[in-house]
1. Looking at His197, is it in contact with a Phe, Trp or Tyr (Cβ under 6 Å, 6 or more places away or on another chain), surrounded by 22 or more Cβ atoms within 10 Å (Cβ to Cβ) and not hydroxyl-bearing (Ser, Thr, Tyr)?
2. Can you tell me which residues in the range 312-366 are in a loop (DSSP other than H, G, I, E, B), hydroxyl-bearing (Ser, Thr, Tyr) and closer than 17 Å to Leu383 by Cβ?
3. If you go through the range 200-215 one residue at a time, do you hit one that is under 13 Å from the mean Cα position of the chain (by Cα), modelled with pLDDT of 95 or more, open to solvent by less than 10 Å² (accessible area, probe 1.4 Å) and not charged (D, E, K, R)?
4. Please enumerate the residues belonging to the range 414-432 that are touching a His at 6+ places or on another chain (Cβ under 7 Å) and either among the hydrophobic types (A, V, I, L, M, F, W, C) or not in a loop (DSSP other than H, G, I, E, B) (or both).
5. Out of the range 207-264, which residues are touching a strand residue (DSSP E or B) at 6+ places or on another chain (Cβ under 7 Å), within 29 Å of Gly310 (Cα to Cα) and among the basic types (Lys, Arg)?
6. Six or more apart or on different chains, Cβ atoms under 9 Å: show the pairs whose first residue is in the range 84-100 and more than 17 Å from Gly186 (Cα to Cα) and whose second is open to solvent by 90 Å² or more (accessible area, probe 1.4 Å) and polar (S, T, N, Q).
7. Which of the residues that make up the range 106-137 are exposed (fewer than 14 other Cβ atoms within 10 Å of the Cβ) and over 12 Å from Asn437 (Cβ atoms)?
8. Of the residues that sit in the range 138-194 and are open to solvent by less than 20 Å² (accessible area, probe 1.4 Å), part of a helix (DSSP H, G or I) and among the hydroxyl-bearing types (Ser, Thr, Tyr), which one is farthest from Phe385 (Cα to Cα)?
Amino acid sequence: MAAQTPTDELNKLSLNEAATGNGKTNGPTTATATTGNLNGDNDDSDDDADADGAAPAAGEGAAKKKKKRKPKKKKKAPTEQSDPPRVLISQLFPNKAYPKGEEVEYADENRYRTTNEEKRYLDNMNADFLTDYRHAAEAHRQTRQWAKKNIRPGWTLTDIANGIEDSVRALVGHQGLEEGDAMVAGMGFPTGLSLNHCAAHFTPNAGNKLVLHEDDVMKVDIGVHVNGNIVDSAFTLAFNPRYDPLLEAVKAATNEGVKQAGIDVRVGDIGAAIQEVMESYEVEINGQTHQVKAIRNLNGHNILPYSIHGTKSVPIVKSNDQTKMEEGDVFAIETFGSTGLGVVHEDGEVSHYAKCRDAPKVDLRLSSAKSLLSVINKNFGTLPFCRRYLDRLGQEKYLLGLNNLVANGIVESYPPLWDKKGSYTAQYEHTILLRPNVKEVISRGDDF
């Protein structure tokens, strides 16, 4: 989920502007696990008659043979994921031995961490943390495999969002309909489905009829959490190959950011590396060539428990930010590229909300605001939510109360973010864990 640069900070960025023209801008097939007699054993009970039932003496009536009862066969645990994904991740990995992400050894002055016994010990102390993060990451991978395989032009954005979110909830085993259930595991934030010049923070509200078209470029931003440990990872879908250079530019820039990130690295230096890679690409659309621009007022960010936007940002352009990444940090390295201005602005109907971590204590006079705040506290805490999530909890006529909470600084709203009309934007994102002895790209998969 994108972090936006405050307007007053935008002017502090040190940029190497390039003059450009402004123009218009699979997962494997799986099957439900089979149950029953997998070994092909043939129980021929008639041949296994009891010894006492041997041929009777002459003149005696034939005694009935006793047949052995066939033992009930135990249902075998599923070993494959269904389509759509509905088999619990915990069933596929019954000993909680969830797959690791990509582990990358630290370099230079931090190289010693790989073999240092103290760092290894500290890493082992985080076993529960790693288990939860890998659980969430595997749910994310399997969900996005399904999404990439199945989403096609003609789907409504509402169906896409519901398909993704139903899968996530099924995989972690928490539907989020009982009070507090969504805070155990489930959606880390509403699924972002931002089209074309909309870069981030769009998910359909109730009644939305938007349909995905062949010539659309859609950013798919998915968050999955287990016990508040949020995996934030995004990719872009485009069906017209003319957009491939745009997607390649942003994917390469994200991978460069992941590569540069590490303990004691300054975030401003990461931004410079990201920008250099991204803006080395060009894309031709409708006969006009565009340099791919990094969207300068969108950032990566660190992630805290139950809080998608922490206290640190990772710029995606060169800046003088001297903030260092530290041992134990969790970061979402996300980059956005555009064929437009490379700057976004807020506009349109809001769908994303989140209770502020440092929300003030306010004497709310509006009864609907009071009751809605109670629902938010019990079901989301500081996890982001959207109007559809309130709808599925049975909430009605809540907009007045919701707007009152926003006005009082208790809840923050996140309007959609747009570049200029006619442009196209793309996004890729990974979550990394800066463990004491190794960097783990927790959301890495075979797809990207």
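1. Against the criterion (in contact with a Phe, Trp or Tyr (Cβ under 6 Å, 6 or more places away or on another chain), surrounded by 22 or more Cβ atoms within 10 Å (Cβ to Cβ) and not hydroxyl-bearing (Ser, Thr, Tyr)), His197 qualifies.
2. Scanning the range 312-366 gives a single hit, Ser351.
3. Going through the range 200-215, the residues under 13 Å from the mean Cα position of the chain (by Cα) turn out to be none.
Scanning the range 200-215, I find no residue that is under 13 Å from the mean Cα position of the chain (by Cα), modelled with pLDDT of 95 or more, open to solvent by less than 10 Å² (accessible area, probe 1.4 Å) and not charged (D, E, K, R), so the answer is no.
4. Taking the range 414-432 and keeping what is touching a His at 6+ places or on another chain (Cβ under 7 Å), we get 414-425.
Within the range 414-432, Tyr414, Leu417, Trp418, Thr425 qualify.
5. Passing the criteria: Lys219, Lys251.
6. Cβ pairs passing all conditions: Leu92/Thr79.
7. Matches in the range 106-137: Ala107, Asp108, Glu109, Ala127, Asp128.
8. Among those that are open to solvent by less than 20 Å² (accessible area, probe 1.4 Å), part of a helix (DSSP H, G or I) and among the hydroxyl-bearing types (Ser, Thr, Tyr), it is Thr143.
The values are calculated or read from the model by the stated rules, or taken from the named source; none is laboratory data. What you see is a predicted model, and the numbers here were worked out from it, not measured in a lab. Backbone-built Cβ (ideal geometry, glycine too); neighbour counts: all protein chains shown. SASA here: full protein model, heavy atoms, side chains in, ligands and nucleic acids out. Shrake-Rupley method; radii C 1.70, N 1.55, O 1.52, S 1.80 Å.
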